[in-house]
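The structure under discussion is supplied below as structure tokens; questions concerning it will follow.
The values are calculated or read from the model by the stated rules, or taken from the named source; none is laboratory data. Everything quoted here is computed from the prediction, not taken from an experiment. Methodologically, a virtual Cβ is constructed for each residue, glycine included, from the backbone with ideal geometry; neighbour enumeration extends over all protein chains shown.
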Amino acid sequence: MRILMAEDDPFTGEILVMQFTKAGWNVEWSKDGDEALTLCTRNKYDLLLLDWILPGCTGIEICSLLRRRRNYVPIIMLTSRSTVEDCVTGLNCGADDYISKPFVFPELLARIQNLIRRTHAIDEAIIAESSKLEYRSDERAIAAKGQVVHLSKKEAALFEVLLRCKGQPVSREHLAVAIWKEKPVSLAAVDPLIAQLRRRLGPFRFCCSIENERGSGFVLRWED
């Protein structure tokens with residue numbers, strides 16, 4: 001796991017780097033908020049640990065900016081501020097968790113592991129995102145250019161199967177089992193649902209479409 005830690009206190013930083021390395025995790029340590037923001041923009045991380053008070057951008061500013069840019073990397077705030085109001089501020093800016101100093105490493109480790117498990121378990125609220133279009137499974141919503149289309153449960157189930165197999169044709173048999181699960185259904189039920197989803201995707205045809213590959217099935221073309 002790759003972690004970016006923004007922490008300007010040398011003692012805390014050195015201890016955490018040692019502990020993370022011991023746990024087998026790859027950690028990059030930044031002592032400056034502006035540098036941390038640049039690293040977040042350039043690189044992909046599994047987790048960010050952001051101190052609230054940093055030289056340059058604060059942890060709160062970094063977190064808020066990343067969320068406005070639709071960067072949903074898991075974030076834990078580290079801070080000496082411990083009031084309820086401070087905690088609420090940290091979470092409202094987009095942080096996933098908040099831990100007050102001083103803390104013990106086993107607690108931080110447990111919070112990190114819990115956050116990563118939770119993130120993976122829900123396959124992230126954001127199933128897919130490109131520069132033009134975004135899909136959120138928790139809302140069953142597709143959004144682009146200020147327009148949002150909400151899908152029915154079956155439309156969303158179909159879209160997600162095609163999305164996970166993006167670029168690869170999916171057979172009617174596969175779709176029938178994935179969407180209707182244990183409930184027996186005729187393969188003929190797949191085509192009307194495909195047609196229904198295509199109509200729903202009409203506003204986004206400029207970057208997203210469902211095509212029929214003869215003899216293979218249906219494939220989702222999604223422009224990154």
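Restricting to region 143-163, what's the tally of residues that are part of a helix (DSSP H, G or I), exposed (fewer than 15 other Cβ atoms within 10 Å of the Cβ) and out of contact with any Leu (no Cβ under 9 Å at 6 or more places or on another chain)?
Taking region 143-163 and keeping what is part of a helix (DSSP H, G or I), we get 153-163.
Subset that is exposed (fewer than 15 other Cβ atoms within 10 Å of the Cβ): 153-154.
Of the ones still in play, those that are also out of contact with any Leu (no Cβ under 9 Å at 6 or more places or on another chain) are 153.
Counting residues in region 143-163 that are part of a helix (DSSP H, G or I), exposed (fewer than 15 other Cβ atoms within 10 Å of the Cβ) and out of contact with any Leu (no Cβ under 9 Å at 6 or more places or on another chain) gives 1.
Does ARG117 fit the bill of being surrounded by fewer than 13 Cβ atoms within 10 Å (Cβ to Cβ), of a type in the set (D, E, K, R), assigned to a helix (DSSP H, G or I) and at pLDDT 90 or above?
Criteria not met by ARG117.
Would you check which residues across region 200-224 are more than 27 Å from the chain's Cα centre (by Cα) and among the basic types (Lys, Arg) and list them?
ARG214
If ASP34 passes every condition in (1) over 14 Å from LEU4 (Cβ atoms); (2) charged (D, E, K, R); (3) at pLDDT 85 or above but one, which one does it miss?
Checking ASP34 against (1) over 14 Å from LEU4 (Cβ atoms); (2) charged (D, E, K, R); (3) at pLDDT 85 or above, the one that fails is (1).
Being more than 23 Å from ALA143 (Cα to Cα), modelled with pLDDT of 80 or more and of a type in the set (A, V, I, L, M) is the filter here; which residues of region 179-206 pass it?
The answer is LEU187, ALA188, ALA189, VAL190.
Filter region 38-62 for residues that are surrounded by 20 or more Cβ atoms within 10 Å (Cβ to Cβ) and either in a helix (DSSP H, G or I) or not hydroxyl-bearing (Ser, Thr, Tyr) (or both) and give the result.
Correct list: CYS40, LEU47, LEU48, LEU49, LEU50, ASP51, TRP52, LEU54, CYS57, GLY59, ILE60, ILE62.
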